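One structure is given below, encoded as structure tokens.
The values are calculated or read from the model by the stated rules, or taken from the named source; none is laboratory data. Remember, predicted model here, so these are calculated numbers, not experimental data. Neighbour counts are summed over all protein chains in view; Cβ atoms, including those assigned to glycine, are modelled from backbone coordinates with ideal geometry. These area figures cover heavy atoms from the full protein model, side chains too; ligands, DNA and RNA do not enter into them. Shrake-Rupley method; radii C 1.70, N 1.55, O 1.52, S 1.80 Å.
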Amino acid sequence: MEPPQPGSLNTALERNIEALQRRRKREASSASFQERVAERITAFTGSMRFVYLHLAAFGFWIVANLGLLPLRPWDPSFVVLAMIASVEAIFLSTFVLISQNRMAAQADKRADLDLQINLLSEHEVTKIVAMVSEISKHLGIGHVAGEEVEELKRNVAPEAVLDAIESNERAAEEGAPQAPDR
């Protein structure tokens with residue numbers, strides 16, 4: 001089966017895609033000068049152009065200092081090359097960490113959004129289950145899974161779920177038996 005064409009997307013989905021694109025552009029434009037510099041450096045150092053540049057520069061340095069070129073070796077023990085590579089590694093790792101911190105903050109925002117949407121969806125589904133249950137009761141349709149439906153009609157408390165997860169994790173770390181899955 002052929003996938004749907006882009007023009008056939010749901011209008012709400014199109015609106016959401018556009019809103020997310022606007023948000024990403026706004027976040028990118030609100031980045032500080034230092035963050036933008038770090039992003040550009042990280043993008044360049046993560047490219048094949050950077051690898052080729054280093055292969056050429058380090059290769060030339062090594063070949064020249066081994067005496068294989070008609071040049072006088074300036075670093076025959078490669079101490080200067082090692083120092084340059086070490087200092088470069090320190091700065092590059094710092095730039096990568098700056099970029100990762102920014103990306104982690106963005107991921108945290110997206111995770112918060114996902115959580116809020118999931119909680120809202122859970123609340124809405126719970127209400128729908130309660131409504132359908134009432135409709136089936138009104139129409140005299142019997143419940144096959146009565147206990148399960150009653151359980152589904154209860155709202156989920158996120159705090160209780162987090163507490164249960166943490167309790168299970170602590171129990172697992174201590175080697176205690178875990179609560180059974182439901």
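Filter region 15-36 down to the residues that are in contact (Cβ under 8 Å) with a residue 12 or more places away in the chain and surrounded by 12 or more Cβ atoms within 10 Å (Cβ to Cβ) and list them by number.
Within region 15-36, GLU27, ALA31, GLU35 meet the criteria.
Restricting attention to region 47-61, and to residues there that are free of Cβ contacts under 8 Å to residues at least 12 places away in the same chain and open to solvent by less than 70 Å² (accessible area, probe 1.4 Å), which single residue is farthest from ARG102 (Cα to Cα)? Let's see the steps before the verdict.
Taking region 47-61 as the starting set, the residues that turn out to be free of Cβ contacts under 8 Å to residues at least 12 places away in the same chain are 47-57, 59-60.
Filter once more, keeping what is open to solvent by less than 70 Å² (accessible area, probe 1.4 Å): 47, 50-51, 54, 56-57, 59.
Numbers: SER47: 20, PHE50: 22, VAL51: 24, HIS54: 27, ALA56: 32, ALA57: 31, GLY59: 34 Å.
Among those that are free of Cβ contacts under 8 Å to residues at least 12 places away in the same chain and open to solvent by less than 70 Å² (accessible area, probe 1.4 Å), it is GLY59.
Taking first residues from region 148-171 that are more than 30 Å from SER133 (Cα to Cα) and partners that are open to solvent by less than 90 Å² (accessible area, probe 1.4 Å), the Cβ contacts under 7 Å between residues at least 6 apart in sequence or on separate chains come to ASN168/ALA179.
Taken together, the criteria place ALA157 among residues that are open to solvent by less than 60 Å² (accessible area, probe 1.4 Å) and modelled with pLDDT under 85. Quick one: is ASN118 at pLDDT 90 or above, closer than 30 Å to VAL37 by Cα, open to solvent by 50 Å² or more (accessible area, probe 1.4 Å) and part of a helix (DSSP H, G or I)? So ASN118 fails the test.
Going through (1) of a type in the set (A, V, I, L, M, F, W, C); (2) closer than 30 Å to PRO158 by Cα; (3) part of a loop (DSSP other than H, G, I, E, B) one by one, LEU13 falls short only on (3). Residues that are open to solvent by 50 Å² or more (accessible area, probe 1.4 Å), assigned to a helix (DSSP H, G or I) and either closer than 30 Å to LEU20 by Cα or among the basic types (Lys, Arg) (or both) do not occur anywhere in region 62-82. Considering SER133, SER93, the condition of being without any contact (Cβ under 8 Å) to a residue 40 or more places away in the chain, within 27 Å of ALA28 (Cβ to Cβ), assigned to a helix (DSSP H, G or I) and open to solvent by less than 90 Å² (accessible area, probe 1.4 Å) is satisfied by SER93 alone.
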